[in-house]
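Remarks on the structure that follows.
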Amino acid sequence: MLTLHPEKCNILVNMFNQKVPNYIYSKQNIVYLILSTAFFALVFINLYKPFSSENWYPVSNFKFFVFSSLIILTGVLVVVISRIIMYHTGKRKNITIGNYAVWIILEIFFMSLFYTVYTLFLNPEREYLSVFKESTINTTLVLLLPYTLIHLYLIYRENKRQLEQIEGVQSETALPQKVYSFYDEKNELRLSVNRNNLLYIESADNYVIIWYLNKGSLTKFILRNSMKAIEERMAETNLLRCHRSYIVNFEQINVIRRQKDGIYVEFGMKDVPDIPISKKYSEKVILKFTEDFV
């Protein structure tokens, strides 16, 4: 009798309770998975001719290709509906590896059921269980083969992205930073600015506006990201948050002045506005400013 050691059981339980990475069911990767699965299924059914498909229509190979394409696309609707549900479910709660495995099994079951019904409709004399068994085997191949390849590719691509990010951070900390690089919420590089040209960063709802000098003129770049993410990435630089809505480059600050209505940062440049300093950040900002000139 086959038995599992308690420690191995715990490892399996912990593995199935782990959260599936969000990139697996992101909108872009779901579309990629559906299109790849449909293409693979189309090639598979025309080369291998499963589900007794050669008996569906007594027609030429070209017409068979057209008819089989329509049937495959109809069957892939099961995957489309399933992945749409998964996408919206993943927004509300975590999907574990165990949930994901059951999800794929259900996809195989319902797609097998679809092809079983279709085959029996065209060949009513065939036995239901035999057709369902054949459909299940073929559907498992149609789904699991492309699923495996696609998921391996997605894992490879994500690991490569994380490695490049780590190497980028290491290179930034190892060498004197000559430019400030800005990434969007998907961690894709969107802008690099010479440290001497960057002035300040302004919050704008789900975006940030990066203000810098380009050929002596004040220029802005709108980036989809949060101030918090920018602040964390620039923690070891001369960029410092001075207000809920502003991050300033201390290398460009000439004056900090106090008025009745508050404290302001001055850049001393034409068309560049004075930036307010809130009470929450005032002590840190003034300390940073005075340290730089000591």
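Does SER278 satisfy the condition of being of a type in the set (S, T, N, Q), modelled with pLDDT of 90 or more and touching a His at 6+ places or on another chain (Cβ under 7 Å)?
Taking the combined requirement at face value, the residue satisfies it.
For the stretch 264-288, name all the residues that are over 21 Å from ASN196 (Cα atoms) and touching a helix residue (DSSP H, G or I) at 6+ places or on another chain (Cβ under 6 Å).
Residue satisfying the conditions is ILE277 alone.
Find all pairs meeting these conditions: Cβ atoms under 6 angstrom apart; at least six residues apart or on different chains; first residue within the stretch 262-283 and assigned by TED's automatic domain parsing to the domain that holds TYR246; second residue in a loop (DSSP other than H, G, I, E, B) and loosely packed, with under 13 Cβ neighbours inside 10 Å.
Note: pairs meeting the criteria are GLU266/ASN254; GLY268/ASN254.
Does at least one position in the stretch 142-150 carry a residue that is in contact with a Pro (Cβ under 9 Å, 6 or more places away or on another chain), in contact (Cβ under 8 Å) with a residue 60 or more places away in the chain and of a type in the set (Phe, Trp, Tyr)?
So far as the stretch 142-150 goes, no, none of its residues is in contact with a Pro (Cβ under 9 Å, 6 or more places away or on another chain), in contact (Cβ under 8 Å) with a residue 60 or more places away in the chain and of a type in the set (Phe, Trp, Tyr).
Residue check, ILE201 against (1) assigned to a loop (DSSP other than H, G, I, E, B); (2) modelled with pLDDT of 85 or more; (3) within 30 Å of LYS160 (Cβ to Cβ), all met but one. Which one?
With respect to (1) assigned to a loop (DSSP other than H, G, I, E, B); (2) modelled with pLDDT of 85 or more; (3) within 30 Å of LYS160 (Cβ to Cβ), ILE201 is out only on (1).
Listed residues ILE150, ILE104; which is surrounded by 13 or more Cβ atoms within 10 Å (Cβ to Cβ), modelled with pLDDT of 90 or more, assigned to a helix (DSSP H, G or I) and of a type in the set (A, V, I, L, M)?
ILE104
The values are calculated or read from the model by the stated rules, or taken from the named source; none is laboratory data. The shown structure was predicted, so the numbers you read here are calculated from the model rather than taken from an experiment. Note that we place each Cβ from the backbone using ideal geometry, even for glycine, and neighbour counts take in every protein chain shown.
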